[in-house]
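Novice: One structure, pasted below without further comment.
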Amino acid sequence: MKQFWENNLPPYSEEAELSVLSAIIMDNTCIHKAKAILTKADFHKNAHKQLWDALNKLNDKDQSMDVLTLSAELQERKVLENMGGIEWLSVIEDYCPTSTTITHHSKIVKKLAIQRKFLDKTYYRVEKAFTGIEDPA
């Protein structure tokens, strides 16, 4: 049973996560549509969480969320190079051809985040059942 858990990636869609982030960089006004659905914890990859966090901080300060402003923000946090540098941000900026699908992609990211949370809870219970640490009653 444990091999099944170890050999499978948790459900997530890198494409959907990148599409959401790209749409926000492309059209800063659509961040509100994504924020109505998503939180930082809904993103699977740490780099995507960091970028989401930076986008929200810039939005809260009413600053532009373009590649240069984002790179400065991420560089200030000392995480830009670990994420892939300004080149990575440039790729994300051009990832999604339109921002009109942000709600759809946000819902995909949310659905998969819920599935990951469910699997985390289920794995804990399955592990407890196999180890027999707790009284099943």
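The values are calculated or read from the model by the stated rules, or taken from the named source; none is laboratory data. What you see is a predicted model; the values in this text were computed from it and never measured. Cβ placement follows ideal geometry from the backbone for every residue including glycine, while neighbour counts extend to all protein chains displayed. SASA here: full protein model, heavy atoms, side chains in, ligands and nucleic acids out. Shrake-Rupley method; radii C 1.70, N 1.55, O 1.52, S 1.80 Å.
Novice: How do the pairs read when you match residues in segment 47-74 that are without any contact (Cβ under 8 Å) to a residue 40 or more places away in the chain with residues anywhere that are among the acidic types (Asp, Glu), using Cβ under 8 Å and keeping only pairs 6 or more apart or on different chains?
Specialist: Final answer for the pair search is His48/Glu17; Ala54/Glu73; Lys57/Glu73; Leu58/Glu73.
Novice: Considering only residues that are open to solvent by 60 Å² or more (accessible area, probe 1.4 Å) and polar (S, T, N, Q), look in segment 8-29 and name the one that is nearest to Leu112 (Cα to Cα). Working first, answer last.
Specialist: Of all residues in segment 8-29, those open to solvent by 60 Å² or more (accessible area, probe 1.4 Å) come to 8-9, 12, 14-15, 26, 29.
Now drop any that are not polar (S, T, N, Q), which leaves 8, 29.
Working: Asn8: 14, Thr29: 25 Å.
Of everything passing the filter in segment 8-29, Asn8 is nearest to Leu112 (Cα to Cα).
Novice: For Glu127, are the conditions met, namely being open to solvent by 50 Å² or more (accessible area, probe 1.4 Å) and over 25 Å from Ala16 (Cα atoms)? Lay out the reasoning, then the answer.
Specialist: Values: open to solvent by 50 Å² or more (accessible area, probe 1.4 Å): yes; over 25 Å from Ala16 (Cα atoms): yes.
Judged against the criteria, Glu127 is a match.
Novice: Considering only segment 54-99, state which residues are among the hydroxyl-bearing types (Ser, Thr, Tyr), within 21 Å of His32 (Cβ to Cβ) and part of a helix (DSSP H, G or I).
Specialist: Listed by number, the list holds a single entry, Thr69.
Novice: Let me ask something else. Name the residue, out of Leu38, Leu21, that is modelled with pLDDT of 95 or more, within 18 Å of the chain's Cα centre (by Cα) and not in a helix (DSSP H, G or I). Spell out how you get there, then give the answer.
Specialist: On the way: Leu21 fails: not in a helix (DSSP H, G or I).
Matching residue, one of Leu38, Leu21: Leu38.
Novice: Go through (1) more than 14 Å from Leu21 (Cα to Cα); (2) surrounded by 13 or more Cβ atoms within 10 Å (Cβ to Cβ) and name the single condition Lys107 misses.
Specialist: (1)
Novice: Is it the case that Asn46 is open to solvent by 70 Å² or more (accessible area, probe 1.4 Å) and polar (S, T, N, Q)?
Specialist: Working: open to solvent by 70 Å² or more (accessible area, probe 1.4 Å): yes; polar (S, T, N, Q): yes.
So Asn46 passes the test.
Novice: Taking Ala47, is it part of a helix (DSSP H, G or I), farther than 23 Å from Ser19 by Cβ and among the hydrophobic types (A, V, I, L, M, F, W, C)? Don't jump to the end; show me each part of the working.
Specialist: Values: part of a helix (DSSP H, G or I): yes; farther than 23 Å from Ser19 by Cβ: no; among the hydrophobic types (A, V, I, L, M, F, W, C): yes.
Answer is no for this residue.
Novice: Also, I was wondering about something else. Residue by residue through segment 59-102, note down the ones that are hydrophobic (A, V, I, L, M, F, W, C), open to solvent by 70 Å² or more (accessible area, probe 1.4 Å) and within 20 Å of Lys49 (Cβ to Cβ). Show your work before the answer.
Specialist: Initial filter on segment 59-102 (hydrophobic (A, V, I, L, M, F, W, C)): 65, 67-68, 70, 72, 74, 79-80, 83, 86, 88-89, 91-92, 96, 102.
This time we only want the ones that are open to solvent by 70 Å² or more (accessible area, probe 1.4 Å), so: 68, 91.
Matches in segment 59-102: Val91 only.
Novice: Same structure, new question: Can you go through Asp66, Asp120, Asp62 and tell me which one is of a type in the set (Asp, Glu), farther than 19 Å from Val20 by Cβ and either in contact with an Asp or Glu (Cβ under 9 Å, 6 or more places away or on another chain) or at pLDDT 95 or above (or both)?
Specialist: Details: Asp66 fails: farther than 19 Å from Val20 by Cβ; Asp120 fails: either in contact with an Asp or Glu (Cβ under 9 Å, 6 or more places away or on another chain) or at pLDDT 95 or above (or both).
That would be Asp62, the only listed residue that is of a type in the set (Asp, Glu), farther than 19 Å from Val20 by Cβ and either in contact with an Asp or Glu (Cβ under 9 Å, 6 or more places away or on another chain) or at pLDDT 95 or above (or both).
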